[in-house]
Amino acid sequence: MTRPHQPDSYTEEPTSKSARKRESVAFQEMARQLVSLSSPQLASLPADFVTSITDAQAITQGSARKRQIQYIGKLLRTNREGLSEQVSALLAQLDASSTAHNQYFHQLEQWRTQLIAGKTSVFDEIVRACPEIDRQKLRMLTRRAQAETEADSDQPHGPSYRSLFQFIKSAYPPS
């Protein structure tokens, strides 16, 4: 006996195989990013999931590592307890903090370069940004770095160049 075709109560169309593959590749990319993170950055994730990530970090052979990353992608894809949303939020937060960190170092490098170039307005800007800075030491390090740069044009980034950067960095903590 044949039954007439009855419309399913399931109204959504099933996802295509291509869409499922794209989703799988996206989750594997998330897994690759997770494997590159350090243990403190992974602390907010479930312990058993972190264990599979640390296993992938310990594996050095290509195909075994690839299989482990695929496994982590599968764990994300199965979406147990909102894990993929939690991981997405963590990666977005780390990406934003990485951008802010890069901007911070870029600002420090600009200040150092401008100080060595002899721009006095930058000195005032640094003093305004960090009023507790030792001005005399800042001037001394700037003069040393300028002299070092002028004396050795082949290698302009000597020890004073680096110590000036470290001094500014210690006086101007990241926000």
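The values are calculated or read from the model by the stated rules, or taken from the named source; none is laboratory data. Model, not experiment: these values are computed from the prediction. Here the Cβ is made from the backbone with ideal geometry for all residues, glycine too, and neighbour counts use every protein chain on show.
List of remarks:
- Extreme residue, nearest to the chain's Cα centre (by Cα), among residues of the stretch 27-51 that are hydrophobic (A, V, I, L, M, F, W, C) and part of a loop (DSSP other than H, G, I, E, B): LEU37
- When GLU23 is tested against (1) among the charged types (D, E, K, R); (2) modelled with pLDDT under 85; (3) assigned to a helix (DSSP H, G or I), only condition (2) is not met.
Yes/no per residue for (1) of a type in the set (A, V, I, L, M, F, W, C); (2) over 30 Å from MET30 (Cα atoms):
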residue	(1), (2)
ARG77	no, no
LEU83	yes, no
ALA89	yes, no
ALA92	yes, no
GLN103	no, no
LYS119	no, yes
ARG143	no, yes
PHE167	yes, yes
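- Qualifying residue in the stretch 47-62 (condition: out of contact with any Ser or Thr (no Cβ under 9 Å at 6 or more places or on another chain), modelled with pLDDT of 90 or more and either surrounded by fewer than 15 Cβ atoms within 10 Å (Cβ to Cβ) or under 30 Å from LYS169 (Cβ atoms) (or both)): yes
- Annotation note: of ASP134, ASP95, the sole residue that is at pLDDT 90 or above and acidic (Asp, Glu) is ASP134.
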